[in-house]
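See below for the structure under consideration.
The values are calculated or read from the model by the stated rules, or taken from the named source; none is laboratory data. Small disclaimer: the values here were computed from a predicted structure and weren't measured. Every residue, glycine among them, receives a Cβ derived from its backbone with ideal geometry; neighbour counts consider all protein chains shown. Ligands, DNA and RNA are stripped out before the accessible areas are found, and what is left, the full protein with its side chains, is counted by its heavy atoms. Shrake-Rupley method; radii C 1.70, N 1.55, O 1.52, S 1.80 Å.
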Amino acid sequence: MVTIVKIRAGVFVGGVHWQPAVRDPETGLAYEEAGDARAFTPHAAHAGRSRAEQEVVVDFAKRKLFRFADTGETIIRETGADGVSVKRQAKPPADGIAADDESWKASAVSFTMRANVPNPLRPDTPAAGYAVRVTVRGEDGAVELRGGHDVFPCYEFYKQVDFGEFELLHRYDYREAGTAAPTGGTAVPVERSL
């Protein structure tokens, strides 16, 4: 029987410091959004390097879930036709990140991890998000994920059993998929058992 299983999720714009500029035809402004300048890793948590991060610690000894959620800062550089740039930044609230629908059995627990984090500087764009049903077995620390996430940006899910090494549950890179903007919804299925 295991005691602690940690599930960690991250949503981030990977591998770039700045995304390519997009020009607004009405205003003439060019918008560049800062990336999170990181790669896939379970060790970016609590560092402000994710658009959304979530951690759920399953404590089988106490039969309790411990939850953590945070968002990173969004930075946009606006450049006018005259070449003058202005940088704006804001941090969205973490209230769109939740772990709920908790259901305990004798030696297992199921819950739903979800995130819906809008861009605070571009409210007209769809929010990045995911919704996955997680089942954790206490006998061996096995984890099952079922659900989905948006096509942009990068998404990662890891598990850690009794403070051992983190193991990758799911990874999605928007650059490999050829998408460059959020569409909203959960278009990419997540189905994994480990």
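Divide, for region 62-126, the radius of gyration over alpha carbons by 2.2 N^0.38 Å, where N is the residue count.
Working it through for region 62-126, the quotient is 1.75.
Give me log10 I(q)/I(0) at q = 0.25, 0.26 Å⁻¹ for region 15-99, Debye formula, one equal scatterer per alpha-carbon, no solvent.
Reported log10 I(q)/I(0), two decimals: -1.17, -1.21.
State, to one decimal in nm, how far the label point of Thr3 lies from the label point of Val86, with both points 7 Å from Cα in the Cβ direction.
Spacing of the two 7 Å Cα→Cβ label points: 5.5 nm.
As a test question: what accessible area, to the nearest 10 Å², does Arg49 have when a 1.4 Å probe is rolled over all protein chains in place?
We get 110 Å² for Arg49.
What lysines sit close enough to Lys105 to cross-link, taking a C-alpha to C-alpha distance under 17 Å and skipping anything fewer than 8 places away on the same chain?
Lys62, Lys64
Distance between the C-alpha centers of region 1-60 and region 124-167? Whole Å please.
14 Å
Could you please state how large a percent of the accessible area of region 1-155 is carbon and sulfur, counting protein chains only and using a 1.4 Å probe?
52 percent
Given Val136, Ser85, Leu194, which one lies farthest toward the positive end of the charge dipole of the chain, if we put +1 on the Cβ of every Lys and Arg and -1 on the Cβ of every Asp and Glu?
Highest projection toward the positive end goes to Val136.
Around Arg38, what is the net charge, scoring Lys/Arg as +1 and Asp/Glu as -1 over all other residues with Cβ under 13 Å from its Cβ?
-2
How much area per residue is accessible in region 67-145 when the probe is 1.4 Å and only protein heavy atoms are counted (Å²)?
Using a 1.4 Å probe on heavy atoms only, each residue of region 67-145 averages 48 Å².
Any idea what log10 I(q)/I(0) is at q = 0.15 Å⁻¹ for region 84-194, Debye with uniform C-alpha scatterers and no solvent?
Relative scattering, expressed as log10 I(q)/I(0), comes to -0.74.
For the chain, what is the mean residue ellipticity at 222 nm derived from helices alone (per DSSP H run of n ≥ 4: -39500 (n - 2.57); sum divided by total residues; nearest 500 deg cm²/dmol)?
Theoretical 222 nm ellipticity from helices: -500 deg cm²/dmol.
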